[in-house]
Amino acid sequence: MDFDSCFNAYVGIALRMSMLLIALPILSYLSKFLQIACSQRFSQHIGVLVGHFIFYGGLAFVTVNILHEFGFNVTALLGAAGVIGVAIGFASQTSVSNIISGFFLLLEHPFSIGDMIKSGDVVGIAESIDLLAVRVRTLDNKLVRIPNEIVLKHSLVNLTYYPVKRIDLLVSVTYASATDSIVFRINNTITKNKIFLTNPAPIILMNKIGQLDYDPQIRMFFSVRTWVAKEKFSSGASALIEQLKNEFDTDGIIITVAQVN
């Protein structure tokens, strides 16, 4: 092979490789642009899926074209890949089931990325919905991977689907306490704190008259229901419990407060 032929061959290789080097940043920019656009128009979940589809689909297209330029029989390669794909599909039915379940989750859209969900014993923030699994960051900052099939088959609770959430407390005071005064002071404590909503209005009802397990003294139990914005739900209950204690401590009234899940 003479010098000109070698030079032309190397130039051809360099041009083909440059196609890949140029395509990668273009695909990366295009996928991110479409991801942001779809996230704003639809949801963050759909945006992530579209971004991944554009990037990896485009990368596969460019790779096939480069292989074709190098002289590979792309048709034969795709045929072999199809046969291998069928074999892998039979050998990995669980993975296929998870992929199909992922598409059903996308269509049903029971939650979005950033929502707080509960699936089985796992409670946390949904960080991604991938082809095979949902990734959840728990409240103590651990990453939990839940297969899509498990999420679809079992009950799922979206804790932040609606803009407001209700806090339920059970407050008890001694039997000798004046009922009207107790209700007034609980309601006054709630209305003084702006994190508790006035619409829906708080509800304070007599729940029962009885005894605590560890105390033979007869007590009155009040069911306290108040609403907060979903962003304040995790801190709202503890704030209200502390404020109720301080309110009744001023008159030396001993209360018990428990959050009802």
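The values are calculated or read from the model by the stated rules, or taken from the named source; none is laboratory data. It should be emphasised that the depicted structure is a prediction, and the values quoted were computed from it without experimental measurement. Neighbour counts are summed over all protein chains in view; Cβ atoms, including those assigned to glycine, are modelled from backbone coordinates with ideal geometry.
Okay, residues lined up against (1) surrounded by fewer than 18 Cβ atoms within 10 Å (Cβ to Cβ); (2) at pLDDT 90 or above; (3) of a type in the set (G, A, S); (4) out of contact with any Lys or Arg (no Cβ under 7 Å at 6 or more places or on another chain):
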| site | (1), (2), (3), (4) |
| --- | --- |
| I195 | yes, yes, no, no |
| Y214 | yes, no, no, yes |
| Q217 | yes, no, no, yes |
| M220 | no, yes, no, yes |
| V224 | no, yes, no, yes |
| V228 | no, yes, no, no |
| A239 | yes, yes, yes, yes |
| L244 | no, yes, no, yes |
| N261 | yes, no, no, yes |
(request) Out of D140, D130, report the one residue that is under 18 Å from G102 (Cβ atoms) and of a type in the set (D, E, K, R). (result) D130
(message) Of the residues I129, I117, I125, I99, only one is out of contact with any strand residue (DSSP E or B) (no Cβ under 7 Å at 6 or more places or on another chain), at pLDDT 80 or above, surrounded by 14 or more Cβ atoms within 10 Å (Cβ to Cβ) and not assigned by TED's automatic domain parsing to the domain that holds H52; which?
(response) I129
(request) Could you please let me know if I167 is under 20 Å from G252 (Cα atoms) and either surrounded by 18 or more Cβ atoms within 10 Å (Cβ to Cβ) or under 30 Å from the mean Cα position of the chain (by Cα) (or both)? (result) no
(request) Among the residues of region 186-214, count how many are farther than 17 Å from K245 by Cβ and either in a helix (DSSP H, G or I) or more than 33 Å from the chain's Cα centre (by Cα) (or both). (result) 10
(message) Suppose we filter I195, I182, I190 for residues that are in contact with a Gly (Cβ under 8 Å, 6 or more places away or on another chain), in the same structural domain as A237 (by TED's automatic domain parsing) and not hydroxyl-bearing (S, T, Y); which single one remains?
(response) I195
